[in-house]
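A.B. asks: Handing you a structure now.
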Amino acid sequence: MSDSQFFLGRQPIVGRDRELTAYELLFRSSTANAATVLDDVAASATVIQRTFLDLGMPAALGDKQGFINLPASLLMSELIEVLPRERVVLEILETVPLTPDVLARCQELQEAGYTLALDDLVELTPETLAALPLVKLAKLDMVTLSREQVVDLVRDLRPYGLTLLAEKVETLEQYDFCRDLGFDLFQGYFFAKPVILTGRAVPPSALALLKLLGLIVADVENEVLEHALKQAPSLTLNLLKMVNAAAFGMAKKISTLREAIFMLGRVRLSRLVQIMLFAQQSGAAVTSDPLLQTAIVRGRLMEGLADALGWTKLRDRAFMVGMLSLVDAVFQQPMPDLLALINLEESLQNAIMHRSGQLGTLLQLVMASESADGAATLALLPHFPGLNADEFNRLQVEALQWANTM
């Protein structure tokens, strides 16, 4: 893999009420950690250029802030000064030695208006204490630290007035513990795909959406779809609002269900139903719910990859596999039970539940990229001849941008 290639991962960072506030952008230019300083800077420069200049900050982040990891070489390099100071948080990795030169550079960046954060803070050494006046955030790893260590660190950090971020939060218990301690921000698997703690009944409106999706998958006649929609007045109203939205680029406004179904077509209707299904269950706007954002990006990226691979007949199914791969987390119910309501064909069920078949392997690739697992991503890419890292990243950022417009 060349130094110019990278994979983009985007992990949600949420506030005290689990609202989406920022993303950490995870870049991997290599599966090895032993790069020379020159290669390290070159790879990071490529990442910054392609993600923030060529592709654009709105595509990667929407209206949220972006947390970016800084190795020592990048921290000391002038190239990071092309980043918009109001949109990024610069994370000083735990591997960066806090030497006098590094502290002087941190002061320069602080005075230039950049927000700095200390990553994976585990103890307050003399070097760390010297850095605290220069940073605004401290990130504490909930896996590495014991509860006692977390309590002690929070106590010692309070006089500095820092924003505290708990990372690698994996359970509701950890979230509640950190929230009670006064943490302001949270990051981890719990927010990207919540653990199924208790079953949640599927409300009638969501059940109607699931059944409607099943009818679309079964390719029933438009009259059958129209009849199903008429039994869900609130769904019908929302659907007509979305159809008439300027985002769909239709010159003619639509006033009847039959027109809506005809003008939209099955592909768009299927997408709308899936997005509405998730949004309704989460009770949040698309841009404020990290799980909903992840599902939409997965669906769009899977569809784009299917197009790039020439899988024309699979593109719509690819979107559905990506989107529905998180339906169990949204409804907090077993995946087989939910998929049974939709009556998906066996190959799609296997792709979603077991990551098997063409679309299942493609889903594995997308999920590896989400977590910036460079080794897994590289191992999966050869399964898709003609697809390289540059094209994959272009499609991923396009998917992020599309999700931001929902």
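A.B. asks: How many nm is it between the label spots at residue 107 and residue 267, if each spot is 7 Å from the Cα in line with the beta carbon?
C.D. replies: Taking the simple label geometry, residue 107 and residue 267 are separated by 5.9 nm.
A.B. asks: Counting other C-beta atoms within 10 Å, which of 213, 181 has the fewest, and how do the rest follow? List each step's numbers first, then the result.
C.D. replies: Working: 213 23, 181 16.
Fewest-to-most ranking of 213, 181: 181, 213.
A.B. asks: Here is a further query. What pairs in 168/211; 168/241; 64/168; 136/168; 64/139 have C-alpha atoms more than 28 Å from each other? Kindly include the intermediate steps, with their values, before the conclusion.
C.D. replies: Details: 168/211 36 Å; 168/241 39 Å; 64/168 20 Å; 136/168 20 Å; 64/139 18 Å.
In this structure, 168/211; 168/241 exceed 28 Å between Cα atoms.
A.B. asks: Show the residues, 5+ positions off or on another chain, whose built amide H is closer than 5 Å to the amide H of residue 188.
C.D. replies: For residue 188, the qualifying residues are 168, 169.
A.B. asks: Are there any GluC sites (Glu not before Pro) in the stretch 309-406 that are in a DSSP loop and have at most 12 other Cβ atoms within 10 Å? List them by number. Could you put the intermediate results ahead of the total?
C.D. replies: On the way: sites: 345, 346, 370, 391, 398; in loops: 345.
Those satisfying the criteria are 345.
A.B. asks: Given the C-alpha centroids of the stretch 84-149 and the stretch 313-392, what is the distance between them in whole angstrom?
C.D. replies: 37 Å
No lab work stands behind these numbers, since they all come straight from the coordinates. Everything numeric here is computed off the predicted structure, so don't read it as measured data. When we count neighbours, we look across all protein chains shown, and the Cβ atoms used for this are built from the backbone with ideal geometry, even at glycine.
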